[in-house]
Structure formats: C-alpha cells, structure tokens
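The values are calculated or read from the model by the stated rules, or taken from the named source; none is laboratory data. It should be emphasised that the depicted structure is a prediction, and the values quoted were computed from it without experimental measurement. Glycine also receives a Cβ, built like all others from the backbone with ideal geometry; neighbour counts cover every protein chain displayed. In case anyone asks, the SASA skips ligands and DNA or RNA and just uses the protein heavy atoms, side chains included. Shrake-Rupley method; radii C 1.70, N 1.55, O 1.52, S 1.80 Å.
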Amino acid sequence: MKKHSVWTGLLLASSLLLTSCGFHLRGSLPLERYPAIFVDAKKHSELASLLSQQLTSNEVKLLTELDPKAPALMLQQDSLERRTLSLFPNGQVAEYELIYRVKYQLLLPGQDIQEFQFELTRDYQDDPNLALAKAKELDLLLQELRNQAASRIIRQLNRIR
C-alpha cells in the first residue's frame, strides 16, 4: 500500500513539474494568437496545401480574402535544387544533394511585413539501374521536405510576438 502511494506521489510531482515548465508534446502547436489567417500562394502549391492542413488542425480558420485585422502569410517561393555530390567511375551521378528553399512573408496587423527564408537539405543516392524505385524515393523525399517546411513555418508563427 505504501509503495503505491509513493509511486502515485512521484507521478503527480513529475506531471506537475512538466506542466509548470511549459512542456508541450510536439505535433499540434497552440496558435491562440492566430484565430484566423489568410494564406496567399501560387495556385496548386503543395506547400500551401500542407500548410493549410496544419493550420486547420491547429484550429486556425483560413480566410478566403485579405483582412486588415487578421495576419496574412504570403508564400513567395518554394523551389528544389539538385547539386551533384559524387559520380560513379563511368561519369554518371551517384549522389545528389537536394536543396529545398522556401521564402515567405508575414503581415501582422499594425506591423511591417516580415520576410523569412530557409532551406532544407537531404542527400539522395541515385542508381540508374533502379530508376523507377529512385524516382519514387525522390517523390517521398520531396514530400518529407514539404512537410518539414510547413511545420517550420507553423513553429515560426508560434514564436513571433
């Protein structure tokens, strides 16, 4: 009986400690400062679609038009560049570095436009004998880069005061 109450006390103390320090599990971030936001991007932008999904899952209403009282996020550019890292002895590319660049602006009510940009990189090994599998792997890597970019933008929104 005493062991049970000691463990319960330890569990209670550790949970109080975690909640008092502001610890949150990663995943959905509380975006209370942004009950609604306007997202502007190129038509059919996959990054904008992922970003909209993440904002919606964080209970942020997506506005269909610019509102001077609500923040606006303008995705200006997302691009992928491949840089050769190594070659096979026959001269074919063996390994690429994928560089995914994102540039966006944030307009908060009563503030100047803030510009942000970042890049994410991944190494990608190519094998001409496995072209179909490598094309699928490249698609998966690009999807992962876009997901990380959308999450990074959400985290940045959460940090801005």
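Between a first residue in the range 53-77 that is farther than 16 Å from LYS43 by Cα and a second residue that is polar (S, T, N, Q) and buried (at least 17 other Cβ atoms within 10 Å of the Cβ), which pairs have beta carbons less than 9 Å apart while being 6 or more apart in sequence or on different chains?
Correct list of pairs: VAL60/GLN54.
Condition (residue is of a type outside the set (Ser, Thr, Tyr) and either outside any helix (DSSP H, G or I) or more than 22 Å from SER57 (Cβ to Cβ) (or both)) applied to the range 146-159: is it met by at least one residue?
Pass one, the range 146-159, residues of a type outside the set (Ser, Thr, Tyr): 146-150, 152-159.
Of the ones still in play, those that are also either outside any helix (DSSP H, G or I) or more than 22 Å from SER57 (Cβ to Cβ) (or both) are none.
No, the range 146-159 has no match at all.
When the residues of the range 65-104 are filtered to those that are out of contact with any Ser or Thr (no Cβ under 9 Å at 6 or more places or on another chain) and of a type in the set (Gly, Ala, Ser), which remaining residue is surrounded by the most Cβ atoms within 10 Å (Cβ to Cβ)?
The selected residue is ALA72.
What strands (runs of 3 or more DSSP E), lying completely within the range 1-94, carry at least 2 residues that are more than 22 Å from PHE116 (Cα to Cα) and modelled with pLDDT under 90?
Because the criterion is at least 2 residues that are more than 22 Å from PHE116 (Cα to Cα) and modelled with pLDDT under 90, the strands (runs of 3 or more DSSP E) in the range 1-94 that meet it are 72-87.
From the residues in the range 95-133 that are outside any strand (DSSP E or B), of a type in the set (Asp, Glu) and farther than 30 Å from ALA70 by Cβ, which one is modelled with the highest pLDDT?
ASP126
Looking for whichever is open to solvent by 40 Å² or more (accessible area, probe 1.4 Å), under 23 Å from GLN77 (Cα atoms) and in contact with a helix residue (DSSP H, G or I) (Cβ under 7 Å, 6 or more places away or on another chain) here; the options are ARG122, ARG152. Which one fits?
ARG122
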